Structure formats: C-alpha cells, structure tokens
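These notes concern the structure reproduced below.
What follows is calculated from the coordinates using simple rules that are stated; it is not laboratory data. Keep in mind it's a predicted model, so treat the numbers as computed, not measured. Cβ coordinates were reconstructed from backbone atoms using ideal geometry, including for glycine residues, and neighbour counts include every protein chain displayed.
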There are 2 protein chains.
Amino acid sequence: MTLAPRPEIRRPLTLRDVSEASGVSEMTVSRVLRSRGDVSETTRERVLLAARTLGYVPNKIAGALASQRVNLVAVIIPSLSNMVYPEVMTGISQVLEDTGLQPVFGVTHYLPEREESVLYEMLSWRPSGVILAGLEHTDAARQMLSNAGIPIVEAMDVDGVAVDSVVGISHRRAGLKMAEAILAAGYSRIGFLGTMMPYDHRARKRLEGLEEGLAQGGITLADREFYSGGSALLKGREMTQAILARSPDLDFLYYSNDMIGAGGLLYCLEAGIDVPGRVGLAGFNGVELLDGLPRRLATMDACRLEIGRTAAQIIAGVHPSGLIGGERIELSPTLELGDTIRR
Amino acid sequence: MTLAPRPEIRRPLTLRDVSEASGVSEMTVSRVLRSRGDVSETTRERVLLAARTLGYVPNKIAGALASQRVNLVAVIIPSLSNMVYPEVMTGISQVLEDTGLQPVFGVTHYLPEREESVLYEMLSWRPSGVILAGLEHTDAARQMLSNAGIPIVEAMDVDGVAVDSVVGISHRRAGLKMAEAILAAGYSRIGFLGTMMPYDHRARKRLEGLEEGLAQGGITLADREFYSGGSALLKGREMTQAILARSPDLDFLYYSNDMIGAGGLLYCLEAGIDVPGRVGLAGFNGVELLDGLPRRLATMDACRLEIGRTAAQIIAGVHPSGLIGGERIELSPTLELGDTIRR
DNA sequence: ATGAAAGCGCTAACAC
DNA sequence: GTGTTAGCGCTTTCAT
C-alpha cells in the first residue's frame with residue numbers, strides 16, 4: 001500500500017467561474033451549456049472553451065431544484081443475479097437513451113419492505129417516472145406511488161390491479177398454456193420444481209396457472225420441490241435427483257426458471273434418463289444460456305427486452321399507443337417446445 | 001387497453017406543508033425528519049404524525065443543495081450481462097447499506113467514450129465518491145476524476161497507474177500463474193479463446209501474462225480464436241470446435257471467461273474428447289454456474305465480492321487500513337484446478 | 001428546545 | 001442576443 005497524496009479538495013467550479021473566465025453572464029453561460037435559446041456563435045464558443053479548460057461539470061442538483069425537472073427514471077427490480085432483470089434493464093436503457101432521461105436502478109432482493117424503502121429513497125430525488133417489477137407492494141408503497149404525481153409503470157406481470165400503467169405477460173396464463181402443452185404431449189404425472197421465495201409472485205402465478213390447466217385435464221400435480229440459495233444450475237440437478245427418487249413415476253418436470261431446468265436437463269442426460277421419452281422437461285424465461293446446452297430445453301419466452309422497452313416508452317411519453325397513462329399492455333410469451341417435450 | 005384516469009398531478013408536498021399541518025416551524029420539522037438536534041418528544045411525535053398522514057416525501061434535491069452533501073456513490077461498470085459485475089455490485093451494496101450511502105449504477109458497454117459521458121452525468125449529481133472498473137479511461141475522464149475532489153476507487157485491476165485508490169487483482173499475474181500451472185501439468189500446445197472486445201483490458205492482460213509465462217517455459221501460443229456477441233455458452237462450443245479443427249494438435253485451451261469455457265467443456269464431453277487427458281481446459285472468474293456442470297472447469301477466482309466490498313469501504317471511509325486515499329490493494333486470486341487439468 | 005434569516009447553484013420569466 | 005431578478009425547498013448559522 002502506497003501513501004500517494006489524496007487529490008486536493010478544491011471548491012467545485014460553478015457557473016459563476018465559467019462566467020468570469022469567459023466574460024459572459026451566468027445566464028448566457030447556462031443557455032450555452034444547455035443548448036437552449038439563441039446564443040451567437042462567438043459567445044457560444046468562448047463559453048465552451050472556458051468551460052472545457054476549467055473542467056467545469058454542471059451541478060444538476062441546483063439545476064433540478066431551479067427548473068423543477070429531473071431527468072431521472074427510478075427503476076426498481078428484485079434482483080441482479082436472476083439474469084432476467086438485466087435484460088429488462090437493457091430494454092429500458094435502449095429506449096431512454098434517445099430521450100434525455102436516465103435510469104437509476106435499485107434492488108429489493110424480493111423483499112417488500114426493502115422495495116418500500118428503496119422507493120421512498122428514490123422518490124425523494126423527484127424522478128420523472130418509476131418503473132418497478134410486479135403488482136404486489138406494501139400499502140405504503142402503493143400510496144407513495146399514487147401520490148407521486150409522475151408516470152408509474154408496473155412491469156413483468158399483468159395479473160392484478162395496477163397503480164397506473166402496467167406492461168407484462170400473464171404468468172397465470174403462461175402456466176396454463178404450459179399445462180395444455182404437457183397434456184397434449186401425453187404426460188400425466190407432473191412435478192413442479194421452484195424457488196422457495198415467498199415473494200416470487202410470478203413463479204407462484206405460473207404454478208397456479210399450471211395447476212388450473214392440469215385440473216382441466218382432470219389431473220393434479222403429483223409432487224413438488226423447492227430450494228433457496230446457491231447455484232441454480234447445481235440446485236436444479238439436486239432437486240431433480242431428489243424429486244425423481246421420491247416420485248419415480250413422474251413423467252414431466254416443470255421448473256420455475258431455465259437455470260434450474262438446465263441443471264435438471266444435465267442431470268437427466270448424465271443419469272441416462274430418456275428425455276423427452278421417459279421424462280419431459282420445461283423451464284421458463286427463454287434465457288440465452290439454453291442455446292449452448294446439449295439439448296434445447298422447452299421454455300417460454302418472458303418478453304423481457306420488450307417489456308423493458310415498452311415500460312420506458314410509456315415513461316418517456318413516446319409509446320406508439322399515444323396514451324399517456326393507465327395503460328395495460330399484455331404481451332404474449334411464445335412457447336418453445338425445444339427437444340424436451342415429446343411431439 | 002383500458003383508459004383508467006391517470007393520477008391527478010398535485011404539487012408535491014413540502015416541509016412547509018408539514019409545518020403548517022403540525023403547527024411546528026419548518027426548521028424543527030426538518031430537525032425531526034433528519035433526527036438531528038434536540039427536539040422534545042411531544043413535538044417530535046406531532047411532526048411525525050403530520051408527515052405520515054400527509055404522505056410527505058422529503059426533497060433530497062433541495063436538501064443536497066442546501067447541505068452540500070449527497071449520499072450517493074457513483075458506480076460505473078462495463079456490462080450487466082457479464083455475471084461478474086453484478087457480484088461486485090452486491091459487495092458494494094452490502095457495505096454501503098450500513099453507512100447511509102447509496103450506490104447509483106451506470107453502464108458503459110465497454111466503450112471509453114460512454115464511460116466518459118456516464119461519468120460526466122454522474123459527477124454532475126455531486127456524489128460522495130466514484131467506483132469504476134479498470135484503470136483505462138479517456139484523458140477527459142481521468143481529468144474529471146482528479147478534479148472531482150471526492151474519493152475515487154478504480155476496481156478489478158491493479159496493473160497500471162491509478163487516479164486515487166485501486167482495488168483488484170493483477171490479471172497479468174493471473175495469466176502468468178495459469179501458464180505455470182499449464183506447463184507444470186505437462187501441456188505444451190496451448191490455444192487461447194476470448195472475446196473480440198478491444199477494450200476488455202483485463203482479458204488482454206491475462207493473455208499477455210499467459211504468453212509471458214509460456215515464454216518462460218520456451219513455448220509460444222499455438223493458436224487463438226475470438227468471438228463477439230451472442231450466447232457465450234454457445235460461442236464457447238463453436239469456437240472450441242473451430243480451433244480444434246484448425247489446430248488438432250492443441251492440448252490445452254485457455255478461455256478468457258468461464259462461460260465460454262463451460263461451452264467448450266460441454267463440447268469436448270459430447271465430442272468424446274478426453275478431458276483433461278487429451279485436452280486440458282481452463283476458464284476465468286470462478287462463477288457459481290460451474291458448480292452445476294458435469295465436470296469442474298479449472299478456473300481462477302476473480303475475488304469479485306471482496307473487490308466490491310473493499311472499494312465501498314474505501315469510499316465510505318471505513319476501510320480497516322485506516323488510510324483515507326491513494327490506497328493500492330491487490331488481492332490474490334486462487335487457482336482451482338478442478339477436473340480439467342491433469343494432475 | 002425552537003425559530004428567523006440567509007443562501008446553496010442554478011433556471012424561469014422577464015427586461016432590454 | 002443578452003442581462004437582471006427572483007426564487008426552487010431545503011439546511012446552516014445564529015438568535016432567543
């Protein structure tokens with residue numbers, strides 16, 4: 001460890017500094033730096049030169065307070081390790097890039113109270129809009145959202161009541177659709193494998209949809225297995241081994257996400273289990289990872305990128321629908337049978 | 001699509017509203033809400049009640065301007081899809097949580113100009129510190145960093161000159177160490193597989209370290225293969241097939257990350273190639289995913305969580321070293337031979 | 001323990 | 001095309 005001198009703490013530069021250095025009024029300097037209003041080319045160049053040589057960085061805090069405008073969009077997601085949310089974030093970033101708005105991300109770790117506090121923290125910066133995952137929030141959070149006076153988009157899930165706008169898929173219907181595909185392929189002893197997270201409402205709704213769909217075929221779920229923490233791929237292997245040991249007559253396994261599904265697939269292949277003849281498999285999300293697996297896991301695309309893009313369009317007020325609030329946009333996930341469901 | 005009425009846009013509440021509702025001066029209300037200074041229990045409760053019933057959310061913009069203090073830490077990372085950075089972010093969040101500081105994340109997509117603009121944007125919010133990845137920046141970015149007058153931590157890599165503090169591993173040394181392990185295991189025809197990204201300096205340094213280490217054993221790299229975009233797992237398969245077709249005599253493949261390494265491993269296993277007898281494999285990062293693979297890929301832990309935690313400690317001024325700036329902390333990645341290097 | 005006044009650095013609105 | 005004035009909603013400082 002070296003003891004290099006810490007950079008000297010100078011007073012940060014202000015508009016006034018640029019104004020004095022360039023001999024132009026603060027107001028005109030401000031106009032140049034925001035490219036707003038008419039400024040002669042001469043003054044403009046003088047100002048920019050001064051700003052650049054001084055190394056001036058505008059103070060958005062003061063600017064935001066004065067203009068009552070903040071170019072920030074609060075984006076609140078459950079987790080970063082899920083692979084699902086980074087893609088939603090990418091969609092949001094893509095659209096906002098062209099609008100002068102900037103996303104700011106907060107993570108809740110699937111905890112409602114944490115969502116509430118992150119939301120509070122973010123609202124206190126007076127963002128131009130909020131995008132958050134799901135429709136389930138604490139009462140206080142819901143109240144903050146309704147009172148915020150800015151566009152709110154609840155993303156990912158449409159099964160429930162929205163505060164303002166909502167963009168997503170119906171996870172219930174996704175589960176139902178999967179049940180139909182499973183039954184159509186002739187499977188009848190179905191097991192479900194998922195996360196233990198009580199607040200993963202979307203996984204829960206998929207399970208409910210699945211059971212509803214199976215019930216329509218006169219079938220009930222034969223077994224289920226849950227996990228928490230650790231490497232999802234490894235957990236997928238372990239859970240699959242466990243559930244098959246416990247219920248050897250299962251002929252289909254529905255996983256709450258592709259990662260554990262991939263683990264299950266690898267396990268079955270190694271154990272010499274005939275997939276999809278003896279056992280069928282399906283996951284959920286349509287993650288890119290599946291492309292590299294020995295066999296294509298059946299899955300359902302969660303429309304992550306599209307959801308992110310649409311949410312951002314609504315916040316930015318550039319959604320093709322032209323509507324400005326209270327939108328409900330339901331996307332349709334496509335079922336990909338892959339190589340793990342009998343045809 | 002329904003046409004629900006958008007929530008009415010009211011003037012956001014201010015301290016004055018709480019003051020009037022509670023009959024307490026703005027100043028005292030402010031003190032209560034920040035729990036600063038002495039306030040009688042009676043007034044305190046009256047204020048809190050009023051604030052809660054109104055649903056008041058403080059305006060941090062005004063607060064920050066007045067107090068000249070912002071509890072934000074700018075965190076600038078290259079990518080979200082890399083799996084590496086989310087873990088660094090987690091480490092940062094863990095530590096900052098206890099300090100009243102809040103991370104704000106920006107993504108550069110490995111583009112220096114984008115890093116510069118994200119940095120500019122973030123500095124204009126006057127954060128309390130900056131954490132960014134790597135030591136390579138544009139001149140303008142470097143100047144902004146030195147002029148910012150706040151603690152700066154460059155994370156991930158220590159091979160170079162830092163602006164202020166630096167926390168990370170030596171990727172050059174990591175490559176070197178891997179070369180030694182490869183040679184010690186008796187491999188001699190080595191191939192490198194990596195990303196095409198010109199700005200992935202850490203992968204580049206690992207490659208340089210590898211070549212240096214091989215040179216010490218009198219060996220030069222036999223072949224190399226690069227990719228960009230797409231599913232890393234799939235690319236790993238494809239590249240492995242391609243490089244082995246082109247250079248069938250290769251007996252070791254060093255991958256610039258675990259994801260493509262995992263793809264390579266899956267390919268070799270399916271192709272019936274004896275690993276690690278006929279061909280040895282190694283990746284880099286020590287990602288959790290490897291735990292679920294059929295065989296344990298050799299890798300090197302990049303100390304991601306620890307790097308994040310340490311960086312945050314420096315920014316928060318709570319690092320055990322007690323130093324306040326200009327720190328240089330080099331962590332030592334551990335080599336895990338797994339099952340893909342001969343012993 | 002509480003309040004009054006000043007001002008943080010910028011921009012809206014208006015003059016010139 | 002450019003300058004002046006008056007705040008934005010808080011917190012600092014100083015009185016009481």
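GNM, chain A, Cα, under 10 Å: largest mean-square fluctuation among A:T195, A:T90, A:T28?
A:T28
At A:S146, with labels set 7 Å past Cα in the Cβ direction, how many nm apart are the copies from this one, shortest first?
Ordered by distance, the counterparts are at 5.6 nm.
With charges only on Cβ, +1 for K and R and -1 for D and E, what is the dipole size of chain B about its Cα centre, in debye, rounded to 20?
740 debye
When the dipole is taken about the Cα centre of the stretch A:12-56, and only Lys, Arg (+1) and Asp, Glu (-1) are charged at their Cβ, what size is it in debye, to the nearest 20?
Details: 7 positive and 6 negative charges, 28 e Å.
It comes to approximately 140 debye.
Considering only B:G277, B:G308, B:G23, give the residue with the highest GNM mean-square fluctuation for chain B, with springs between Cα atoms whenever their separation is below 10 Å.
Fluctuation is largest for B:G23.
Which FRET efficiency, nearest 0.05, do A:A66 and A:Y120 yield, Cβ-Cβ r, R0 30 Å? Walk me through the numbers before you get to the answer.
Numbers: r = 24 Å, r/R0 = 0.80.
Efficiency computed from Cβ-Cβ geometry: 0.80.
How do B:F105, B:F192 line up, fewest other C-beta atoms within 10 Å first?
With the sparsest Cβ surroundings first, the list reads B:F192, B:F105.
Report the one residue of A:G91, B:S128, B:T340 whose Cα lies farthest in the direction of the positive end of the charge dipole of the protein assembly as shown (charges on C-beta: Lys and Arg +1, Asp and Glu -1; origin at the Cα centre).
Comparing the listed Cα positions along the dipole, B:S128 ranks first.
Given the DSSP H assignment, sum -39500 (n - 2.57) over each helix run of at least 4 residues in the protein assembly as shown and divide by its residue total; what's the result at 222 nm in deg cm²/dmol, nearest 500? Before the final figure, lay out the partial values.
Details: 24 runs with 290 residues, N = 686.
Calculated at 222 nm, the ellipticity per residue is -13000 deg cm²/dmol.
So for the stretch A:171-303, averaging the separation of alpha carbon pairs under 8 Å that are six or more residues apart and normalising by length, what relative contact order in percent results?
After rounding, I find 24 percent.
Tabulate in residue order the Karplus-calculated ³J(HN,Hα) for the stretch A:290-298, using 6.51 cos²θ - 1.76 cosθ + 1.60 with θ = phi - 60°, rounded to whole Hz; enter x for Gly and Pro.
Whole-Hz 3J(HN,Hα) from phi for the stretch A:290-298: 4, 4, x, 6, x, 9, 7, 6, 4.
Alpha carbon centre of the stretch B:105-135 versus the stretch A:117-135: separation in Å?
If we compute the Cα centre of each part, the gap is 22 Å.
Grab the other residues whose beta carbon is less than 12 angstrom from that of B:A232, score K and R as +1, D and E as -1, and report the net.
-2
If you restrict to DSSP beta bridges whose two residues both lie in the protein assembly as shown, what percentage is antiparallel, to the nearest 5?
Values: 4 of 76 bridges.
Looking only at bridges with both residues in the protein assembly as shown, the antiparallel portion is about 5 percent.
Kindly put A:T340, B:T138 in sequence by how many other C-beta atoms sit within 10 Å of each C-beta, fewest to most.
Working: A:T340 24, B:T138 15.
Taking fewest neighbouring Cβ atoms as first place, the list is B:T138, A:T340.
Given labels modelled 7 Å from the Cα in the Cβ direction, how far is it in nm from A:F226 to B:R342?
Each label point lies 7 Å from its Cα, and together they span 5.0 nm.
Under 8 Å for C-alpha pairs, at least 6 residues apart: give me the relative contact order for chain A, rounded to a whole percent.
Relative contact order of chain A: 17 percent.
Could you give, in nm with one decimal, how far B:F226 is from each other copy of that position, shortest first, with labels 7 Å out from Cα toward Cβ?
Here B:F226 shows inter-copy label distances of 4.9 nm.
Taking the Cα centre of the stretch A:236-311 as origin, work out the dipole magnitude from +1 charges on Lys and Arg Cβ and -1 charges on Asp and Glu Cβ, in debye rounded to 20. Present the calculation step by step, with values, prior to reporting the outcome.
Details: 7 positive and 10 negative charges, 12 e Å.
It works out to roughly 60 debye.
Among B:E121, B:E41, B:E115, which comes first, second and so on when ranked by fewest other beta-carbon atoms within 10 Å?
Details: B:E121 17, B:E41 7, B:E115 25.
Fewest-to-most ranking of B:E121, B:E41, B:E115: B:E41, B:E121, B:E115.
Using Cα centres only, tell me the gap between the stretch B:178-198 and the stretch A:204-222 in whole Å.
With the stretch B:178-198 and the stretch A:204-222 each reduced to a Cα centre, they are spaced 50 Å.
I need the inter-copy label distances for A:R34: point set 7 Å along Cα to C-beta, values in nm with one decimal, smallest first.
2.6
Search the structure for amide H atoms under 5 Å from the amide H of B:I131, placed 1.01 Å from N in the peptide plane, and list their residues when 5 or more places away or on another chain.
Here the answer is B:A74, B:V75, B:I76, B:V153, since their amide H atoms fall under 5 Å of that of B:I131.
Just the number, please: percent antiparallel of the DSSP beta bridges in the stretch A:64-218, rounded to the nearest 5.
0 percent
When DSSP assigns beta bridges and you keep just the ones with both residues in chain A, what percent turn out antiparallel, to the nearest 5?
That works out to approximately 5 percent antiparallel.
Placing +1 on the Cβ of each Lys and Arg and -1 on the Cβ of each Asp and Glu in the protein assembly as shown, which of B:H201, B:I61, A:V318 has its Cα farthest towards the positive end of the resulting dipole?
B:I61
Report, to one decimal in Å, the Kirkwood hydrodynamic radius for the stretch B:142-209 based on all distinct Cα pairs.
Roughly 13.9 Å, rounded to one decimal.
Quick check: the distance between the Cα centres of the stretch A:13-73 and the stretch A:237-278, to the nearest angstrom?
The distance from the Cα centre of the stretch A:13-73 to that of the stretch A:237-278 comes to 62 Å.
For B:D274 and B:M196 in the same chain, what is the full-extension length gain: residue separation times 0.36 nm, less their Cα-Cα distance, in nm?
Details: separation 78, 0.36 × 78 = 28.08 nm, distance 2.81 nm.
Residue separation times 0.36 nm, minus the Cα-Cα distance, leaves 25.3 nm.
For chain A, modelled as a GNM with alpha-carbon contacts under 10 angstrom, which of A:S19, A:S332, A:S321 fluctuates the most?
Ranking A:S19, A:S332, A:S321 by mean-square fluctuation puts A:S19 first.
Compute the distance in nm between two label points, each set 7 Å from the Cα along the Cα-to-Cβ direction, one at A:D139 and one at A:D98.
Each label point is offset 7 Å from its Cα along the Cβ direction, giving 4.4 nm.
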